[in-house]
């Protein structure tokens with residue numbers, strides 16, 4: 001799972017039905033400058049093939065696989081691409097974690113979403129500063145409700161490697177601490 005990348009966005013509650021709703025990512029919306037070098041955006045329908053595959057996608061709390069909030073296979077997590085982006089609806093479990101999560105989101109204590117993906121196809125534009133990465137096709141692995149929107153240190157290694165490969169450079173500088181953190185997130 002060394003090619004897994006993580007990004008973040010925001011979420012809200014549908015208080016009436018006790019579910020979380022929002023967008024995992026919005027199409028063609030540029031990220032902040034990542035690592036001081038590039039911005040990233042997702043092309044429309046970047047997850048189409050991934051969603052059509054029927055592969056189970058899990059919703060987690062803080063990227064912790066022991067804190068499962070829902071999954072597509074049980075229809076407690078639904079994912080759908082529309083004109084705006086990749087939309088999600090999550091019905092958290094009626095557990096202490098699920099109830100606490102809904103309260104925390106309603107209060108505004110937790111407002112972030114993060115998502116893990118594998119890039120299948122991307123394009124780099126090195127003619128602009130900062131460089132622009134457009135993810136055209138990706139495999140969605142997980143969505144995560146988080147108080148810390150994304151884990152930039154964990155994905156730095158992967159993104160820098162991707163950028164270096166696209167530029168035709170050999171990427172040899174691995175940041176051991178970031179790698180250890182990433183492996184801890186993945187439970188490896």
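One table, with the values for the structure above:
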read-out: More than 19 Å apart - percent of Cα-Cα pairs taken over region 4-150; value: 50
read-out: Length added when fully stretched, residue 136-residue 66, from 0.36 nm per residue minus Cα-Cα; value: 22.1 nm
read-out: Tensor-based shape of region 55-130 (alpha-carbon gyration tensor, a/c under 1.5 rounded, otherwise prolate or oblate); value: prolate
read-out: Per-pair calculated FRET efficiency, R0 = 45 Å: residue 125 and residue 95 via Cβ, rounded to 0.05; value: 0.50
read-out: Förster radius 25 Å - calculated FRET efficiency between residue 107 and residue 55, Cβ distance, rounded to 0.05; value: 0.15
read-out: Cα gyration tensor category, rounded, prolate or oblate, for region 107-147 with a/c compared to 1.5; value: oblate
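FYI, it's all coordinate maths here, none of it is from the lab. Since the structure is predicted, the reported quantities are computational estimates derived from the model, not experimental observations. So basically every Cβ, Gly included, is an ideal-geometry build from the backbone, and we count neighbours across all protein chains shown.
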